[in-house]
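Quick notes on the structure that follows.
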Amino acid sequence: MGAQGEAIRSVGFIGLGIMGHSMAGHLIDAGFDLHVYNRSRGKAEPLLARGAAWHESPADLARVCDAVITIVGYPVDVRQVYLGDAGLIANAREGTLLIDMTTSNPSLARLIAETAAARGVDTLDAPVSGGDVGAREGTLAIMAGGEEEAFARALPLFQAMGRVIRRLGPAGAGQHTKMVNQIVIAGTIMGVTEGMAYARRCGLDPEAVLAVIGTGAAAGSQLSKLGPRMAAEDFAPGFYIHHFIKDMGIALEEAAAMGLDLPALALSKSRYDELSGLGYGADGTQALLRLYEDDPGA
Ligand code: NAP
């Protein structure tokens, strides 16, 4: 059993997409007893083949787990999985630890923490950074909000999936930190994209350019991860445009509520809205390069 103060053995995992399937796999490698649920069962099959147990609903899964990790798509999915009679909170045993790693609203993280606390259930908001590559390699940055005791209990789980792991404050602090991350990368990706568009237009070899500027003052994770994908015109999703638009929307709302104007973030969101309007919302964020082609809609 995983009541407060005891080690976690059985772990539920909900959301087995680009990020979740790799993260859940690391938990099996680390020796946890893994229970899974996903909206579509097909994505669970590789984990079931490795010994994970399938459950038909979040409620069924919650009843048998010491801890449950979620990394679904949008705040509306987080609400559906956590709240209401069929949600995790209503069906978890007292002392269960629920950890949401979705990029979601800070205010929703606080609501979940308060609702869960009233039932003796612990929660953390713990979004991640590092993308599909970080999830696959178990090197994610994990930014958590919640009680210190809950964070301490979650550490063995986080250590299986991430490298830099920090608690930033109470419930909501993880999501706020993730918003800082998204604000930074919004501007950075625009810079990487415009650099690559310029390199292509003036006839330089983009890969040769990346090999040299990737070691200088322009070096950084967006340049090293997205630059080569742009050079190869590989627009397959590591991080979906529609998720990035969701994140920038949350950050703009939170900033507006604090009276903070973020014009670079607003510009980035408007560029991605335009790209999504052209039908490219399921591409990866590197597809921003399309807007610099002569006919982006073609
Ligand atoms: P994804 O591939 O779309 O995965 C989300 C998974 O959650 C899908 O398998 C989906 O089921 C499942 N799901 C959604 N709503 C559900 C619900 N109500 N009940 C059960 N399962 C549900 O997305 P992702 O790229 O892994 O991203 C997941 C989250 O992490 C997003 O919030 C994203 O912003 C964030 N994030 C992504 C990255 C990245 O680089 N990819 C990096 C950091 C953070 P289906 O299979 O049926 O669609």
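Across the range 141-189, the convex hull enclosing all Cα atoms gives 63 Å³ per residue. Straight-line cross-link reach from K269 at under 22 Å between alpha-carbon atoms covers these lysines, not counting any fewer than eight positions away in the same chain: K178, K225, K246. Each residue of the range 267-272 is assigned a 3J(HN,Hα), and the resulting list reads 5, 4, 4, 5, 5, 6 Hz, derived from the Karplus form 6.51 cos²θ - 1.76 cosθ + 1.60 (θ = phi - 60°), x at Gly and Pro.
For the chain, the Stokes-Einstein estimate of translational diffusion at 25 °C and a viscosity of 0.890 mPa s comes to 123 µm²/s, using the Kirkwood hydrodynamic radius over alpha-carbon pairs. The phi-based Karplus calculation (6.51 cos²θ - 1.76 cosθ + 1.60; θ = phi - 60°) puts the 3J(HN,Hα) values of the range 68-73 at 10, 10, 10, 8, 9, x Hz, whole numbers, x for Gly and Pro.
Applying the Karplus relation 6.51 cos²θ - 1.76 cosθ + 1.60 with θ = phi - 60° to the range 40-53 yields 3J(HN,Hα) values of 10, 5, x, 5, 7, 3, x, 6, 5, 5, 9, x, 5, 9 Hz, where x marks Gly and Pro.
Inter-part distance, the range 224-298 to the range 139-208, computed on C-alpha centroids, equals 16 Å. Length gained on full extension, S107 to E293: 63.1 nm, using 0.36 nm per residue less the C-alpha separation. Rounded to two decimals, the Cα-based Rg/Rh of the range 11-94, with Kirkwood Rh, is 0.93. Less than 5 angstrom separates the built amide H of V68 from those of G12, L97, L98, I99, all sequence-distant by 5 or more or on a different chain. The portion of the accessible surface of the range 180-261 made up by carbon and sulfur, rounded to a whole percent, is 60 (1.4 Å probe; DNA, RNA and ligands excluded). Compactness ratio for the range 1-54: Cα radius of gyration over 2.2 N^0.38 Å (N = residue count) comes to 1.12. Ligands, DNA and RNA left out, the 1.4 Å accessible surface of the range 10-171 is 50% carbon and sulfur atoms. What fraction of the DSSP beta bridges in the range 10-171 is antiparallel, stated in percent and rounded to the nearest 5? Given both bridge residues lie in the range 10-171, the antiparallel proportion sits at roughly 15 percent.
The share of C-alpha pairs in the range 1-143 whose separation exceeds 22 Å stands at 31 percent. Once backbone amide H atoms are built at 1.01 Å from N, R167 has A144 as its partners under 5 Å, excluding neighbours fewer than 5 places away on the same chain. Our compactness index for the range 177-292, the C-alpha radius of gyration over the empirical 2.2 N^0.38 Å, is 1.07. Antiparallel beta bridges, as assigned by DSSP with both residues in the chain, represent about 15 percent of the total such bridges.
Over the residues of the chain, the helix contribution to mean residue ellipticity at 222 nm works out to -14500 deg cm²/dmol, using -39500 (n - 2.57) for each DSSP H run of at least 4.
In the full protein context, the chain carries 44 Å² of accessible surface per residue, based on a 1.4 Å probe and ignoring ligands, DNA and RNA.
One quarter of the surface of the convex hull around the alpha-carbon atoms of the range 112-168 equals 3.9 nm², the direction-averaged projected area.
The values are calculated or read from the model by the stated rules, or taken from the named source; none is laboratory data. No experiment lies behind these values; they were computed from the predicted model shown. Only protein heavy atoms, including side chains, enter the accessible area calculation; ligands, DNA and RNA are left aside. Shrake-Rupley method; radii C 1.70, N 1.55, O 1.52, S 1.80 Å.
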